[in-house]
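Report on the following structure.
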Amino acid sequence: MNAEAARVAGAAPSGAVAPAGAAADAAGREPLLELKDVTTHYGPIRVLHHVDMVIYPGEMVCLLGGNASGKSTTLKTILGIVRVSEGEIRFRGERVDPLTTSDRIERGMAVVPENRRIFPKMTVRENLEMGAYLRKDRKEMDEDLEYVFSLFPRLGERLSQLGGTMSGGEQQMLAMGRALMSRPKLILMDEPSMGLAPLFVERIFEIIKQVNDRGISVFVVEQNANVALSIADRGYVLQTGEVVLSGAAQELLTNEGMKRAYLGET
Ligand SMILES: Nc1ncnc2c1ncn2[C@@H]1O[C@H](COP(=O)(O)OP(=O)(O)OP(=O)(O)O)[C@@H](O)[C@H]1O
Ligand SMILES: [Mg+2]
């Protein structure tokens, strides 16, 4: 990662004092995001159970697991839509689990939610502007808009079209563009390939890779484990709310248990 990418990734400047509780990796990097012993509940029902996860600056990490294993809940917990009942979450060295969702977004998280959730009655331009609602730096916002159009030329051609009239693939582009408009350090994505044609799935993952190559960290929930692991750095596997497997993406791709359970091999 070059210096610019390191800046985008939110790496602590060299010589900075390590924040309390952060676990540096072998290369001495401090985590961008850290979940420590996180348990969550929906009412009386426990969903996540003592989950530990870490994402380092610039990484792309994927979260895999079967239906109802707690993948979406993990993202919602990171964002503060679901509160932790035990454990803590740190982002860029700061404890964020007591903070509201908008405070976390202000600190550099962005989300591409399940089923995109673009604003159907707003135009493409208005949807993109919603992604930047906390910002006041007009010049940088215009630069980011240009960046989004360079990734998704179609959005630039459709600025006045209503979001709800776009195809599923276009809405996915719009949701990603909206997330990028907040100039995030970390993008959280919930099943970006859901319901898309195979050609679009590849295209979306190519673009996720390009975004990540810029130094923006990505945490992506994905059913399509093969595609996700082929471009991710690392992965975690959840089963009924617990992390049952984690490691380098290449290792997970060749792991026998993974192959049987998630990679469509017997
Ligand atoms: N708002 C809610 N209230 C109560 N229970 C919920 C709520 N949302 C999710 N759950 C339950 O929590 C568990 C985990 O759900 P979650 O949506 O996190 O799973 P997931 O791994 O994302 O599944 P999928 O692959 O279907 O998207 C499930 O048993 C689900 O029924
Ligand atoms: Mg889900």
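Any read-out appearing in this document is the output of simple, stated calculations on the displayed coordinates, not a laboratory observation. None of these values were measured; they are calculated from a predicted model. Heads up, the Cβs are rebuilt from the backbone with ideal geometry, glycines too, and the neighbour counts pull from every protein chain shown.
Data table
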item: DSSP-defined antiparallel bridges as percent of all bridges, the chain, nearest 5; result: 55 percent
item: Distance (nanometres) between label positions extended 7 Å along Cα→Cβ at Asp213 and Arg107; result: 3.1 nm
item: Cut-off under 5 Å, modelled amide H: who pairs with Val47 long-range; result: Thr40, His41, Tyr42
item: In sequence order, calculated HN-Hα J values of segment 164-177 (Karplus, 6.51, -1.76, 1.60; Hz; x Gly/Pro); result: x, 9, 8, 6, x, x, 5, 5, 5, 4, 5, 5, 5, x
item: Cα centroid separation, segment 46-72 to segment 208-247 (Å); result: 9 Å
item: Positive dipole terminus of segment 165-219, leading residue within Ile187, Ala197, Ile208 (C-beta point charges); result: Ile187
item: Dipole magnitude of segment 119-266 about its Cα centre (Cβ charges: Lys, Arg +1; Asp, Glu -1), debye to nearest 20; result: 360 debye
item: Segment 116-183: relative contact order in percent, alpha carbon pairs under 8 Å with at least 6 residues between; result: 55 percent
item: Local net charge near Glu202, Cβ-Cβ under 14 Å (Lys/Arg +1, Asp/Glu -1); result: 0
item: Straight-distance crosslink candidates among lysines, where the alpha carbon sits under 30 Å from Lys259 and sequence neighbours closer than 8 are dropped; result: Lys36, Lys71, Lys76, Lys209
item: Point-charge dipole on Cβ atoms (K/R +1, D/E -1) for segment 116-183, about Cα centre, debye to 20; result: 280 debye
item: Residue-wise HN-Hα coupling along segment 204-213, computed from phi with Karplus coefficients 6.51, -1.76, 1.60 (Hz; x: Gly, Pro); result: 4, 5, 4, 6, 4, 4, 4, 5, 5, 5
item: For the chain, size of Cβ-based charge dipole, Lys and Arg +1, Asp and Glu -1, in debye; result: 560 debye
item: Value of relative contact order over the chain, rounded to a whole percent, pairs C-alpha under 8 Å and six or more apart; result: 25 percent
item: All lysines inside 25 Å of Lys139 as judged from Cα atoms, apart from same-chain residues fewer than 8 positions distant; result: Lys185
